[in-house]
Amino acid sequence: MFVVRRLRVWLLVTAVLALGATDAASQGSWQRGAPLPVPRSEVAATALGDEIVVVGGFLRSGASSTRVDAYSPRRNRWRRLPDLPEGVNHAMAAAAGGRLYVVGGYRDGMNLTSAFVLDGGAWRALPELPRPRAAAGAAVVGGLLVVAGGVGPDGLAQEALAFGLRTERWSLIPGPTPREHLGVAALDGRVYAVGGRTAGFDTNLQLVEAYSPGSRRWRSLPAVPEPRGGTDVAAAAGRLISAGGEETEGTIGSVYAFDPKTRRWSGLPDLPTPRHGLAVVGLGERVYVIAGGLTPGLSVSSANESLLVAQG
């Protein structure tokens, strides 16, 4: 009987270990790509076609960059796009119809109302935002460029901004719970706002909310497992991927995936290089985490790491 019990225990342990190994294998491991040509943090980023574009941000000196760099995962190579008309940090970027939109941000400590589109290889000024906005997030859904969260003219923004891609007109729409340095992404016709903070590193939040165009409010969803501000989020393989951030103890390396179908969060392998003010961009079934600060506050990096996200 003792031998049988030991055999059962051994089989159970073996099965658990095998399951864990299978899960780890299905998630894969982080891979390093060609580094961002100029180290930066507090960047804006988005997928544009089959490339990932990183816009502006802080330079090591604390100056705001005008650089726009595009990364091709297939070639593992960067190319430079036309510089922004003005240097920005904490700006927001999104893409649709082969066009790159960059709005708001900070310059010289002031949050901005400027908006630009890169169309046909040249930047064009768009109508200004109805409210200054920085440290927010942006995503395109239902023909609208939605700018959610962030800092407005009088502190944390209460409303979100919507830009009609066809009409090129701005409007005010309901905003998520007021917070800045959050992650915003679109998935399956909804805009998601993940994490963020209300002030310093010790005010990080776990909030997750979703918005459908035309709705009167944002809907609460299960919280991300750990508070995070200075973070970002992206859609990949049908899930939301939340990565990075900063807190009083340092930068955040944990990564989580949210499945809208099951409404559950699951853990993914930690970032090899924990960062804040980073770019998290999904392209197909892979998520890319680029740039960002290695320590809380002003710091920069050229890190370019990606993870194959298993289907939920």
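Just so you know, all these numbers are worked out from the coordinates, no wet-lab data involved. Predicted model, so just to flag it, every value in this text is computed and none were measured. So basically every Cβ, Gly included, is an ideal-geometry build from the backbone, and we count neighbours across all protein chains shown.
Out of residues 5 or more away from G137 or on other chains, whose amide H comes under 5 Å of its own, with H placed 1.01 Å from N in the peptide plane?
Residues meeting the criterion, in which the H sits 1.01 Å from N, are A148.
Taking the Cα centre of the chain as origin, work out the dipole magnitude from +1 charges on Lys and Arg Cβ and -1 charges on Asp and Glu Cβ, in debye rounded to 20.
Values: 32 positive and 26 negative charges, 166 e Å.
Dipole about the Cα centre, nearest 20: 800 debye.
Rounded, prolate or oblate for the stretch 30-308? Axes are the square roots of the Cα gyration tensor eigenvalues, ordered a ≥ b ≥ c, and the cut-off for rounded is a/c under 1.5. Each step should come with its number before you reach the end.
Working: a/c = 1.20, a/b = 1.02, b/c = 1.18.
It is rounded, given that a/c, with a ≥ b ≥ c, falls under 1.5.
In the stretch 50-101, which trypsin sites (Lys or Arg not before Pro) fall in coil by DSSP and have 11 or fewer other Cβ atoms within 10 Å? Numbers along the way, then the final one.
Values: sites: R60, R67, R74, R75, R77, R79, R80, R99; in loops: R60, R67, R74, R75.
Those that pass, being in a loop and sparsely packed, are R74, R75.
At 222 nm, what value in deg cm²/dmol follows for the chain if DSSP H runs of at least 4 each add -39500 (n - 2.57) and the sum is divided by all its residues, to the nearest 500? Working shown, then result.
Working: 1 runs with 26 residues, N = 312.
Theoretical 222 nm ellipticity from helices: -3000 deg cm²/dmol.
Given a cut-off of under 8 Å on Cα pairs at least six residues apart, what relative contact order in percent is computed for the stretch 123-219?
On the way: 235 pairs, mean separation 21.9, N = 97.
With pairs under 8 Å counted, the relative contact order is 23 percent.
Report the trypsin sites (Lys or Arg not before Pro) located in the stretch 243-297 that are in a DSSP loop and have at most 14 other Cβ atoms inside 10 Å of their Cβ, or state none.
Values: sites: K261, R263, R264, R275, R286; in loops: K261, R263, R275.
Taking the stretch 243-297 and a limit of 14 other Cβ atoms within 10 Å, the loop trypsin sites (Lys or Arg not before Pro) found are K261, R263.
Which Cα, out of L294, L161, P274, lies furthest along the positive dipole direction of the chain (beta carbon charges, K/R +1, D/E -1)?
P274
For a quick check of your reading of the filter: which GluC sites (Glu not before Pro) in the stretch 151-233 sit in a DSSP loop and have no more than 13 other Cβ atoms within 10 Å? Display every interim value, and only then the final one.
Numbers: sites: E159, E168, E180, E209; in loops: E168.
Answer by residue number: E168.
Compute the acute angle (0 to 90°) between the alpha-carbon long axis of helix 2-27 and the principal axis of greatest extent of the alpha-carbon atoms of the chain; round to the nearest 10°.
It is inclined by approximately 20 degrees.
If amide hydrogens are placed 1.01 Å from N in the peptide plane, which non-local residues have theirs closer than 5 Å to the one on L48?
For L48, whose amide H was placed from the backbone, the distant partners under 5 Å are V53.
Could you tell me the distance between the Cα centroids of the stretch 236-312 and the stretch 30-72, to the nearest Å?
One Cα centre to the other: 15 Å.
Apply the Karplus parameterisation 6.51 cos²θ - 1.76 cosθ + 1.60, with θ equal to phi minus 60°, to every residue of the stretch 140-152 and state each ³J(HN,Hα) to the nearest whole Hz, in sequence, with x for glycine and proline.
Values, residue by residue: 9, 8, x, x, 10, 8, 9, 10, 10, x, x, 10, x Hz.
So what are the stretch 137-185's ellipsoid semi-axes, whole angstrom, largest first, if each one is the square root of 5 times an eigenvalue of the alpha-carbon gyration tensor?
On the way: eigenvalues 73, 28, 11 Å².
The three semi-axes for the stretch 137-185 are 19, 12, 7 Å.
Under the definition of Cα pairs under 8 Å and six or more residues apart, what whole-number percent is the relative contact order of the chain? Numbers along the way, then the final one.
Values: 911 pairs, mean separation 46.9, N = 312.
Normalised by residue count, the contact order of the chain is 15 percent.
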